[in-house]
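The structure appears right after this line, and notes come after that.
The values are calculated or read from the model by the stated rules, or taken from the named source; none is laboratory data. Bear in mind the structure is a predicted one, so any value in this text is a computation, not a measurement. Cβ: placed from backbone, ideal geometry, glycine included. Neighbour counts: every protein chain shown.
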Amino acid sequence: MATISLFHGTTQTHAEKILKEGFRPNTCFTTDESLAEYFAECANDVHQDEHGERDNDVILVVSLPQEQLKVDWPAFEEPISIFRNEWVDSDEEWSEGMEDGSIPTPANDDDVSVALEVTTCVRCKDIVPAENISEQ
């Protein structure tokens, strides 16, 4: 069974927990390492300590079969400019492209290949055991 290499950006503190306990169902992943780096920075923006100190950015890596993945619909609903700009120049054009079909849209939750082509983002359906995860 072929697998897809995926990245998950997070904080050092969260990475330590994930490396012990695994990923929960519905965790977000991307095939784009630079997008995972962006997500790690965002996680750190949210999880600064009481003194405003940031944790280290960490990229975790996992390979999963496509059957264990599903579409990350929020990535289509609110596209990040990193991948949106590959298709159009604005959120308005994105919405129009989704409506007129010029931007491919997944047919259902299992249409992972379209999600990866357009947004590079997917989610896991089930728990991903810690032994399947490594730090970049």
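Annotations for the structure displayed:
- Single match in 13, 27 (criterion: farther than 16 Å from residue 62 by Cα and in contact (Cβ under 8 Å) with a residue 24 or more places away in the chain): 13
- Within the range 64-80, the residues that satisfy the criterion of being within 28 Å of residue 134 (Cβ to Cβ) and assigned to a helix (DSSP H, G or I) are 66, 67, 68, 73, 74, 75.
- Residue among 39, 83 that is part of a helix (DSSP H, G or I), in contact (Cβ under 8 Å) with a residue 12 or more places away in the chain, on the phi < 0 side of the Ramachandran plot and touching a Leu at 6+ places or on another chain (Cβ under 9 Å): 83
- Out of 76, 7, one residue alone is modelled with pLDDT under 95, of a type outside the set (Gly, Ala, Ser), within 14 Å of the chain's Cα centre (by Cα) and crowded, with 18+ Cβ neighbours inside 10 Å. It is 76.
- Near pairs, Cβ below 9 angstrom, 6+ apart or cross-chain, from the range 102-118 (closer than 26 Å to residue 92 by Cβ) to any residue that is part of a loop (DSSP other than H, G, I, E, B) and among the hydrophobic types (A, V, I, L, M, F, W, C): 102/87; 102/88; 103/87; 103/88; 114/107; 118/87; 118/103
- Of all the listed residues (23, 29), the sole one being within 21 Å of residue 114 (Cβ to Cβ) and either at pLDDT 95 or above or crowded, with 20+ Cβ neighbours inside 10 Å (or both) is 29.
- Among the residues of the range 115-125, the ones that are surrounded by 15 or more Cβ atoms within 10 Å (Cβ to Cβ) and in a helix (DSSP H, G or I) come to 3 in all.
- Comparison of 13, 31 shows that the only residue that is more than 11 Å from the chain's Cα centre (by Cα) and of a type in the set (S, T, N, Q) is 13.
- Each residue in the range 90-108 was checked for being part of a loop (DSSP other than H, G, I, E, B), surrounded by 14 or more Cβ atoms within 10 Å (Cβ to Cβ) and not hydrophobic (A, V, I, L, M, F, W, C), and 3 pass.
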